[in-house]
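Comments concern the structure below.
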Amino acid sequence: MAGSIQRIDRRGRPWRARYRVAGVERSKTFHRRDDAERWLRAELVKVDRGMWHDPAAGGETYRHWSEHWLGNLRGVKDKTRNGYKSLLDSRVLPVFGDVELRSITHDQVQRWVTAMSAEGLSASRIRQARQVLKASLEVAVIGGKIARNPVAGVKIDPDRPRVQRFLDASQVARLVAAAEEHQPGAGLVVLLLAYSGLRWGELVALRASSIDVARRRVTVSVSATETAGKGIVTGRPKNHRLRALVLPRLVIEPLAAHLATVEPGGLVFTTPKGRHAGGELRGAAFRAQVWRPAVASAGLDPDLRLHDMRHTAASLMISAGASVKAVQVALGHSTALITLNTYTHLFDEDLEALADALDARFGDTVAAPAGHTRTRGTRQQPAPVG
């Protein structure tokens, strides 16, 4: 494909370069012929390499484009789609909604990310918002709306590692009692979280039909998510993984007594009062009305989160002798490597105990090297917490 340059009767910009692509002629005028030739060569190279895009494209607003993108997503769960919608409404559209696609720049996106960080938003949440913007604009690139994705290369400051908090059995007992004092039935919620490894959303969506009291089993097949505008929506658990838990008797016995008050197939736990009475538990309300007051009453760390009950469950399981694989299944991690990376410090004591056991069992079968005397040490036990 070739273009042409010609002199035209135009004061100030007498040189016009033009070429035809996709059935449409493109042209531009210049002060000097050299500039016209340089521009024409660059445009023709883009066309030859498949890098050309229509400069007139991308005039629609990001708000309009995001609606098109979200409405045409395929192969995603409703829970995921609702999560994208929530991020768009709360984080992306207030900044980019009225901006034309072609006008969104890398610098604008970087400033947006920096502002969210200064606001105190977690790196994880910022990363999610950035990914929604990036994914939607990537489709715009593929569709020829824009030449490149302005989100590419935008940096996010990493989160400072958050200290994992664990409760021991006696602390759990204090917290269960305090929660029950603040709201009848809340103690069982805390107890189940502490000894099962359920995520909050999984507990919220738990139904009586998923619990087999005789076998002490809980089938986890649904999770609930709170979304802006649509309330609570349910979907598959994280990683799309169904799993079965076996509960200890200290949990299944009070749970069985509670199930006697629940309708067959009904939600195991519901809100006791207010406009959502009888519906799914609300995380914000539970934290305000039960969790934080109970944590204070029990004399525990005020920074303790509901999610720390997952860490507590892992800690109690490992202390009871559970293997990495057993903890993985209970927590619903996609791989045992995630479990080990998250809780490797908790397994360290088991590894020391294993080394001590090998010494006790096989220490006398291998002669000590010359000049060395093998001693049998006693492993020092850590002091209990709380």
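The values are calculated or read from the model by the stated rules, or taken from the named source; none is laboratory data. Only a predicted model underlies this, so the values are computations on that prediction, with no experimental measurement involved. Please note: Cβ atoms are built from the backbone with ideal geometry, for glycine as well, and neighbour counts cover all protein chains shown.
Some observations on this one:
- Flag set for Leu331, criterion: modelled with pLDDT of 85 or more and either farther than 27 Å from Val268 by Cβ or surrounded by 15 or more Cβ atoms within 10 Å (Cβ to Cβ) (or both).
- Qualifying position, being within 18 Å of the chain's Cα centre (by Cα) and at pLDDT 90 or above, among Leu70, Leu88: Leu88
- Scanning the stretch 163-176 turns up at least one residue that is under 30 Å from Ala314 (Cα atoms), modelled with pLDDT under 85, surrounded by 13 or more Cβ atoms within 10 Å (Cβ to Cβ) and not acidic (Asp, Glu).
This table checks each residue for (1) crowded, with 17+ Cβ neighbours inside 10 Å; (2) modelled with pLDDT of 90 or more.
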| residue | (1), (2) |
| --- | --- |
| Leu192 | yes, yes |
| Ala205 | yes, yes |
| Thr219 | no, yes |
| Ser223 | yes, no |
| Lys230 | no, no |
| Val246 | no, yes |
| Ile252 | yes, yes |
| Ala257 | no, yes |
| Thr261 | no, yes |
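- Those residues of the stretch 298-350 which are assigned to a loop (DSSP other than H, G, I, E, B) and of a type in the set (Lys, Arg), in sequence order: Arg305
- All positions within the stretch 170-219 that are touching a helix residue (DSSP H, G or I) at 6+ places or on another chain (Cβ under 9 Å), more than 14 Å from Leu247 (Cα to Cα) and basic (Lys, Arg): Arg174, Arg199
- Filtering the stretch 13-36 to residues that are part of a loop (DSSP other than H, G, I, E, B) and at pLDDT 80 or above leaves Arg13, Pro14, His31, Arg32.
- Out of Val139, Val154, one residue alone is in a helix (DSSP H, G or I) and surrounded by 14 or more Cβ atoms within 10 Å (Cβ to Cβ). It is Val139.
- In the condition set (1) assigned to a helix (DSSP H, G or I); (2) among the charged types (D, E, K, R); (3) in contact (Cβ under 8 Å) with a residue 12 or more places away in the chain, Glu180 is compliant with all but (3).
- Filter pass, Ser297 being out of contact with any Phe, Trp or Tyr (no Cβ under 8 Å at 6 or more places or on another chain) and in the same structural domain as Leu245 (by TED's automatic domain parsing): yes
- A count restricted to the stretch 79-122 and to residues that are surrounded by 15 or more Cβ atoms within 10 Å (Cβ to Cβ), not polar (S, T, N, Q) and not in a loop (DSSP other than H, G, I, E, B) stands at 20.
- Considering each residue of the stretch 282-290 in turn, at least one proves to be in the same structural domain as Ala186 (by TED's automatic domain parsing), at pLDDT 85 or above, surrounded by 17 or more Cβ atoms within 10 Å (Cβ to Cβ) and under 19 Å from Ala173 (Cβ atoms).
- Here Ile142, Ile126, Ile146, Ile156 are screened, and the one residue that is over 17 Å from the mean Cα position of the chain (by Cα) and in contact (Cβ under 8 Å) with a residue 24 or more places away in the chain is Ile146.
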